[in-house]
Each structure stands twice: as C-alpha cells, then as structure tokens.
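*Asks:* The following block contains the structure, expressed as structure tokens.
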Amino acid sequence: MIIFKKVTLFLLVLTLVISFYISKDFLGVNNPKTYVSSSTNSGEEKSSNLKLVNNSERKVNDLQLLISKKKQVVPWGVNSLGIDKLQAKKVSIPKIKVAILDSGINKEHEDLKGKVVKEFNAINPRQPVSDNYGHGTAVAGIIAANDNEVGIRGVSPNVEIYSVKVLDDKGHGNVRNLVRGIQWCIDNKVQIINISFGMSSDHPQLRKAIEAATSSGIIVIAAAGNNYGGKADYPASYKDVISVTAVNSNYKVAGFSARGKIDFSAPGVDILTTSKNGGYAMYSGTSLAAAYVTGIISIILEKHEQFGISMRDKKLSSKMISILKKYSIDIGNKTYYGNGFIKLS
C-alpha cells in the first residue's frame, strides 16, 4: 500500500495519495488518519544494546539529497535498520528467492537490472510482465536496489526477484489471480512472498492459499493497510502472515496506518525508491514498510546460520517472527506498533 509523492529526479511535482485494498474480489484505491499512542508493548525477550538511529538531524529529504549529490544515496529507512555489517559484500550463492506479488516490475531500471530472474503474469499468463502502474517497481527498489554507486541502495541487494503480476495497470485485481500467483510461488519454491496490498475481508480461497504457502516453508509478509486507524487488512490479519505498519523518521506511526493485528513497524513515510519511468520518487505507505521487512528477512535467511535457522524448517514463519521480536525496539502501543521497530544491530 503506497501513498506517494510523484516526482522526477529533478522536479518535485504533486503529492498523490494512493493505497491498495481488496473489497470482496476487487483491488482498488482508498485513502489513508493519524493516531499515535505512547503506551508500551507487552514484554518480549529483546536483543540488548539496540538503539534507534537519530534521524532528527536530516536537513533535506532523501530525494533532495540524491539530486544534490548526484551519486548513490542510502535512504533513511535503510540507514535505520542496523544492517550495514550484515549486508553481503559479495554475491551469495544460492541467493534468497523473493517473490513480489504486485503490478509488475520495471526490470530495465538501472537499480533493478539483473534482479528479476523469473516472471509470471497471473492476470494473463500468456502476456509478458510489465509495470505501467509503478507500485511493484517501488516495492522492488526498497527490497533489492543494486549497490552500484547510483540511485539508491536497497535493503538486500543480493536477492533474486520473482515478479508476479496480480495488479493491472490501474492497481486493480481480484482474489482469483492473487491465489493463482501464490500457487505459482509455491510451485517455484520461492522463500519469501511480499504482498504490499490487502483486502478488507477474509476470503476462504485466499486463506487456504496462504496456509499452503506458509506450511511449505514460505514466509509471507503483507502490508497492514492504509485505512486511517481501521482494522488491519487481509492477508496481513492471517495468523502466519507477518503484518507490517508504517512509521516516519521519528518512529511515530503514520496517520494512514491500520491497527489491530500488527506484528512489526518499519519505515513507510517519505521513502525514496525506484519509479516505473526509470527514475526515483518519494512514496509513503504500509506497502513500503512491508518491503523493508521483506528485505530484513532476506538478510536473516542469507545469514541463517548466524541466526540459528534451519532452511528446512517447515515452520519458518513462526521461527522468523520469534527472531524479529528479539530484534525489535518497543516504540509504542502494540495495537499500533506491533512488537516494535526492527533493527538488527
């Protein structure tokens, strides 16, 4: 789910507010309300010495910084995760397989070249995958933008992306195609599924597809939703799906974020990432927050021995949630922030 400021690399234009949800069998557009609570979470065993990065000294936003520097920028969101020492300095083999179920990906973007290894058009399997809407390209940049001295650096640049088109050129779709996309992911043995959109109600077909994915060892991450304090969407509300809400650079929950079944908080306001036209843009939304957590989980799987993970574990989602809880910082009421903001060091 994205609320985005559409910009080119050299010109900031208008602020547009967009998010994605499924109402019954329809993926459409809704508008994200601010609610911040200072209550504390229930206690979980935490990793010691985790501290939030202070972003208050940022004088300009990341897009302005990119324009002025004319070289690669590490967005505030990436910088806040404590992942510098964990990001692979060389290509890891085998790479973690991440499926992005979305509007497609512009795989020719300079920061996404070489990332997409396989594609599937769940809307029309006979047609190639393209992204005329831009949502999937934005999500992909956060997860995996190349560390190539230009543009931005993603959270986990060494992953393999499996691009699954389930949203059309207007950001619309249906449950049938989403289920078809999930089954394709199971068949292709991906390790992570990112779903940066949601629906307002439970659907038995979708629930069964999600259960099939998680029982096969796939970790599913979903955006909690941009519904101004309303109930978290589906599939984020399902038990074994990791539900992610958005916070700003001061670690306050974004006004558009959902509440309820929230597992973790991640950056989701004023996020610089890749745009469909080959440039860069600033976006906001729980879509982006979900993508950050997908990137974090990719790093953890890449370093699975360090984190005590067996890649053959069929209950990998439960194990991953336990690990993420350990590396989360309590920043507020669990109804709004979940277990807190994830920071790996």
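All of the numbers you see were taken from the coordinates with simple rules; none came from a lab. For clarity, every value in this text was computed on a predicted model and none was experimentally measured. Because the Cβ atoms are built from the backbone with ideal geometry, glycine has one as well, and the counts that use them run over all protein chains shown.
*Asks:* Suppose we keep just the DSSP beta bridges with both residues in region 196-345; what percent of those would be antiparallel, to 5?
*Replies:* The answer is about 45 percent antiparallel.
*Asks:* Further, regarding this structure: Given just the C-alpha atoms of region 110-197, how large is their convex hull per residue in cubic angstrom?
*Replies:* 96 Å³
*Asks:* What is the spread of the Cα atoms of region 124-264 along each of their three principal axes, largest first, in whole Å?
*Replies:* Extents along the principal axes, in whole Å: 42, 39, 31.
*Asks:* When the chain is fully extended, how far beyond the present Cα-Cα distance does R207 get from V74, taking 0.36 nm per residue of separation?
*Replies:* On the way: separation 133, 0.36 × 133 = 47.88 nm, distance 3.66 nm.
Result for the pair: 44.2 nm of gain on full extension.
*Asks:* What's the extension gain from Q183 to N277 if we count 0.36 nm per residue and subtract their Cα-Cα distance?
*Replies:* Stretched fully, the Q183-N277 segment lengthens by 30.9 nm.
*Asks:* Taking K59 as the anchor, which aspartates and glutamates have their alpha carbon closer than 20 Å to its alpha carbon, excluding any fewer than eight residues away along the same chain?
*Replies:* The qualifying aspartates and glutamates are D270.
*Asks:* Sticking with this one: Go ahead and collect, in residue order, the members of region 96-114 whose backbone nitrogen is under 14 Å from a label point 7 Å along the Cα-Cβ direction of N148.
*Replies:* 106-114
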